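**Student:** So that we are looking at the same thing, I have put the structure below in structure tokens.
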Amino acid sequence: MHDVVGNNAVIADMLGVKKRKPFGRYEGIVCGVQGQLPKKLARGAFMNLVNDRIGAVVSAQFFGSKSVRNVGIVSGSGSFAIGQMERAGLDTLLSGEPRHATYHNAREARVNAIYAGHYATERFGVRALSEKLKKEFPEVRTRFIESPTGL
């Protein structure tokens, strides 16, 4: 949730998302980010960008616009945010994993959702925090140990 070293902020940086603001309210807490890509991308091109920068897309639901510009990013199990996309003016959600019911939610809302894996989308914040700690406290050693689950 952190606006600099949080998973969603780092993912937004990696994808070049601009004009950011908070997005994705869950149990009263906003835990994601929304913003705009520098230019419209075809859905396939956006999926390729996610594949290259975040990790392999596990699944995608394309029920909305054929191009992607306004995105919401909620790492991990952020598919709950599909119901919040229309009000936020978003065409595509990037998250880690879907809940079964969100397929129908995305279809009815006519939006796109791309899932790059729960683990894959949840590792960027801790890495960014590690780098920040190294700079501020050079005596502190950190190490990130990959432990992918495929989920």
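The values are calculated or read from the model by the stated rules, or taken from the named source; none is laboratory data. Everything numeric in this text was worked out from a predicted model, so none of it was measured. Quick reminder, even Gly has a Cβ in these numbers, built from the backbone with ideal geometry, and neighbours come from all protein chains shown.
**Student:** Collect the residues in the stretch 12-56 that are of a type in the set (V, I, T) and within 17 Å of E122 (Cα to Cα), keeping them in residue-number order.
**Tutor:** Result: V30, V33, V50, I54.
**Student:** Here's another thing I want to ask about it. If you take just the strands (runs of 3 or more DSSP E) that sit entirely in the stretch 1-75, which of them hold at least 2 residues that are modelled with pLDDT of 95 or more and surrounded by fewer than 16 Cβ atoms within 10 Å (Cβ to Cβ)?
**Tutor:** Here the list reads 18-26, 29-42.
**Student:** Moving on to the next point. Do any helices (runs of 4 or more DSSP H) lying entirely in the stretch 94-143 carry at least 1 residues that are among the aliphatic types (A, V, I, L, M) and closer than 14 Å to S79 by Cα, and which ones are they?
**Tutor:** Fully inside the stretch 94-143 and qualifying: 102-109.
**Student:** Here is a further query. Could you tell me whether G150 is small (G, A, S), part of a loop (DSSP other than H, G, I, E, B) and either farther than 19 Å from V68 by Cα or touching a strand residue (DSSP E or B) at 6+ places or on another chain (Cβ under 9 Å) (or both)?
**Tutor:** Yes, satisfied.
**Student:** Does L94 qualify as being of a type in the set (A, V, I, L, M), more than 20 Å from V126 (Cβ to Cβ) and in contact (Cβ under 8 Å) with a residue 60 or more places away in the chain?
**Tutor:** The answer is no for L94.
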